[in-house]
Amino acid sequence: MKKNNELAEIIYHTKKETLAIIPDRVMAERFIDNLMGLLFGQGCAADEAYIMKCISGVKDELKTILKVCCGAAEDDAGTLAEHFFESLLPVYRLLLEDAAFIEASDPAARSRDEVIITYPGFYAIAVHRFAHVLNRLKIPYLPRLIAEHAHSKTSIDIHPGATIGSPFAIDHGTGVVIGETAEIGKHVIIYQGVTLGALIVNKSGSNIKRHPTIEDNVALYAGCTILGGNTTVGHHSVIGGNVWLTSSVAPYSVVYNTSQIKIRKFDEPVDYTI
């Protein structure tokens, strides 16, 4: 409770006294790249003792950014940075679970280190988890900046407000969109082109839940679209490719499209009209 009051007071005073300033994009991108480099830049997951020993430079970077984007005084920027880094090792451990789950889910993955080094889905998840911490601290602009950095590198668009359990896997990932109020459980795997989006809402609906809930142990196959804040995909369900879903499905559901198959004669011209 004391920590929450302290954070609320810092945010209140910075908003009251100074208009938030958008930090330099390059500075924000360098911060998240350096943080990822500290955790995973040795070609594998770093030892926790090494992380804590080498963390001071990344902390200083974040303090500098917070002074800009929150208009925060030196002490306040330091306090916010400390709260962020209190979450560092817990988030890091979640990411190791994510990497192990991706390895176990993908026959093409040869090791956890290969996932960490080469998989865009893992990179997008990692950046999201840190952006989500910053978002919970109500830091303006910075969460979106680093989320868009991951988006530009991976074509995976995850809003920092989305709540995602661990372990979580994104396979391939190109074109995945996960909206601000989406909630995703544990042991969920998402393939390329999946959208967890909102039905059309007015701007006045920005404070309500607009995006779906995906319960534990769900697979969402390529190209499926799931929309709406009242839409829940029950646990242990499978949503097939190119499914359009705007209403809830019960646990253990399998939802899929059925393709029409017509066998033509070898010399019959192809008719592409429907």
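Quick check: net charge around residue 88, other residues with Cβ under 15 Å of its Cβ, Lys/Arg +1 and Asp/Glu -1? Intermediate results must be reported in sequence, preceding the final value.
Working: positive: 53, 59, 63, 93, 129, 136; negative: 47, 48, 60, 61, 82, 86.
Spelling it out: positives minus negatives among the neighbours equals 0.
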I need the shape label for the range 175-274. Rule: rounded when a/c is under 1.5, else prolate if a/b > b/c, else oblate, with a, b, c from the alpha carbon gyration tensor. prolate
Per the C-alpha gyration tensor (a ≥ b ≥ c, the square roots of its eigenvalues), the range 107-257 is rounded if a/c is under 1.5, else prolate if a/b beats b/c, else oblate; here it's oblate
Across the chain, what fraction of all alpha-carbon pairs, as a whole percent, falls in each successive 5 Å bin from zero upward? 1, 6, 11, 15, 16, 15, 12, 10, 6, 3, 2, 1, 1, 1, 0, 0
So, R0 is 51 Å and r is the distance between the beta-carbons of residue 201 and residue 266; what FRET efficiency does that work out to, to 0.05? 0.50
For the range 60-69, Karplus couplings with θ = phi - 60° (6.51, -1.76, 1.60), whole Hz, Gly/Pro x: 5, 4, 5, 4, 4, 5, 5, 5, 7, 7
Going down the list 138/186; 63/209; 59/138; 53/153; 53/186; 153/203, which pairs span over 27 Å between their C-alpha atoms? 63/209; 53/153; 53/186; 153/203
Cα gyration tensor of the range 47-169, axes a ≥ b ≥ c as square roots of the eigenvalues: rounded (a/c below 1.5), prolate (a/b > b/c) or oblate? prolate
Taking amide H atoms as placed 1.01 Å from N in the peptide plane, list the residues 5 or more away in sequence, or in a different chain, whose amide H sits under 5 Å from that of residue 228. 197, 198, 199
Over the range 177-263, what is the mean sequence separation of C-alpha contacts under 8 Å (at least six apart), divided by residue count, expressed as relative contact order in percent? 25 percent
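Treating only the Cβ of Lys, Arg, Asp and Glu as charged (+1, +1, -1, -1), what charge dipole size does the chain show about its Cα centre? Round to the nearest 20 debye. Don't skip to the answer; put the middle values down first.
Values: 25 positive and 31 negative charges, 120 e Å.
Dipole size: approximately 580 debye.
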Longest segment of the chain lacking chymotrypsin sites (Phe, Trp or Tyr not before Pro) that sit in a DSSP loop with at most 15 other Cβ atoms within 10 Å: 1-251
List the trypsin sites (Lys or Arg not before Pro) within the range 169-274 that fall in a DSSP loop (any state other than H, G, I, E or B) and whose Cβ has at most 12 other Cβ atoms within 10 Å. 262, 264, 265
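Laboratory data are not the source of any read-out in this text; all were calculated from the coordinates shown. Model, not experiment: these values are computed from the prediction. Reconstructed Cβ throughout: ideal geometry from the backbone, glycine too, with neighbour counts over all protein chains shown.
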